[in-house]
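These notes are about the structure you will find just below.
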Amino acid sequence: MSSDFSINDYKDNGAYQILRGIKKAHIKYDWQKTDDTSIIDLAQKKADETENKSAITIALEDFTKTTQGFNGFNSSNIDSEDTKLSFFENIASIFGCKPDNIFKSKDGQALVKQEGNIFQNDIFESDYAKNNGIRYAKEGDDLYESALNFAKADIAAIEKAHSMAYVESNKNGKLEAGEVGSYINFDGNTRDAIIELNLGDGKDKITAEEYASYIVAVDKMGNSDGVISSDEAEAIIDMKNSKIANVAQEIYDQYND
């Protein structure tokens, strides 16, 4: 049964509402801003050594690999227990093989112990504090490929948390209405919003390729520097989905024949 509501009946644009890489870049977004850059600082060295992956992408990837549950909270997080090395990781470390996961490194373990718990929002906050926005691409990296890697990492983190709460959920690398509903309160029909944002044939799902196309489209509204700034995010809040979708569609078609 289709809804009579469209996301265009509401103030906030669908891409702004649904895609965390855009909304969490907005300085007016309703969560606590801090000046703590420690998570992104922790991820930066690994990011510098990895093509087309920024620090937030690395942090999200390693968070997803590390988190095992909610640890008494309502949101997925990691604590010191999660960062302990497995038997095989301990053996490897004896032979000088350092853990690839930033949160299982000595510095990462110390950071998690200090913080107590690290949540997905903490990663976004740290990136905002470091870059005055969300940096999805390092200087010199390919913007679309970096955006795609970020989109994959963000979707995987969302799906991992959702699957821990709902065992029957489907981890398919695509954002669906139920998953989106786990992190936003949207005053409309989320499924309809996703359909309106569709650029390919996913219909009621947002693929990583579509997500990446919107990231690059919003960045193009500024100076295409690999950072979604607060001003760029704010610029699309009142924009019709069709307008930003037209820009994103050009990008999507260019990279997805």
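The values are calculated or read from the model by the stated rules, or taken from the named source; none is laboratory data. Bear in mind that the values here come from a model prediction, so they are computed numbers and not experimental data. Ideal geometry is used to build each Cβ from the backbone, glycine not excepted, and the neighbour counts take in all protein chains shown. The protein model used for the area step is the full one, side chains on, heavy atoms only, and it has no ligands, DNA or RNA in it. Shrake-Rupley method; radii C 1.70, N 1.55, O 1.52, S 1.80 Å.
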- Note on the structure: Listed by first then second residue, the pairs whose first member lies in segment 104-119 and is in a helix (DSSP H, G or I), whose partner is surrounded by fewer than 19 Cβ atoms within 10 Å (Cβ to Cβ) and among the aliphatic types (A, V, I, L, M), with beta carbons under 7 Å and at least 6 positions apart or on separate chains, are K104/L85
- Odd one out for L143, checked against (1) of a type in the set (A, V, I, L, M); (2) more than 26 Å from S182 (Cα to Cα); (3) at pLDDT below 95: (3)
- Query: Within the set of pairs 6 or more residues apart or between chains, which connect a residue that is over 13 Å from Y166 (Cα atoms) inside segment 69-85 to a residue that is of a type in the set (K, R) and open to solvent by 50 Å² or more (accessible area, probe 1.4 Å) with Cβ atoms less than 6 Å apart?
  - Reply: S80/K113
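Only one residue in I184, I215 is over 20 Å from D62 (Cα atoms) and in contact with a Gly (Cβ under 8 Å, 6 or more places away or on another chain), so which one is that?
I215
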- Does segment 149-169 contain at least one residue that is outside any helix (DSSP H, G or I) and either of a type in the set (F, W, Y) or touching a helix residue (DSSP H, G or I) at 6+ places or on another chain (Cβ under 6 Å) (or both)? yes
- Message: Tell me the residue from S163, S105, S169, S126 that is touching a His at 6+ places or on another chain (Cβ under 8 Å) and polar (S, T, N, Q), please.
- Response: S169
- Out of all the residues in segment 221-237, is one or more farther than 25 Å from N131 by Cα and under 20 Å from the mean Cα position of the chain (by Cα)? no
- Query: For segment 196-210, does any single residue satisfy the condition of being among the hydrophobic types (A, V, I, L, M, F, W, C), open to solvent by 20 Å² or more (accessible area, probe 1.4 Å) and in a loop (DSSP other than H, G, I, E, B)?
  - Reply: no
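What number of residues in segment 228-257 are outside any helix (DSSP H, G or I), among the β-branched types (V, I, T) and open to solvent by 10 Å² or more (accessible area, probe 1.4 Å)?
The total comes to 1.
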- Item | Identity of the residue in segment 177-189, over 18 Å from I236 (Cβ atoms) and out of contact with any His (no Cβ under 8 Å at 6 or more places or on another chain), that ends up modelled with the lowest pLDDT | N185
- Item | Subset tally (residues that are free of Cβ contacts under 8 Å to residues at least 24 places away in the same chain and either more than 22 Å from F119 (Cα to Cα) or of a type in the set (S, T, Y) (or both)) for segment 141-169 | 4
- Would you confirm whether any residue within segment 192-214 is at pLDDT below 95 and within 17 Å of K24 (Cα to Cα)? no
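Could you pull out the residue among E125, E159 that is more than 17 Å from I58 (Cβ to Cβ), crowded, with 21+ Cβ neighbours inside 10 Å and within 21 Å of the chain's Cα centre (by Cα)?
Working: E125 fails: more than 17 Å from I58 (Cβ to Cβ).
Criteria check complete, one pass: E159.
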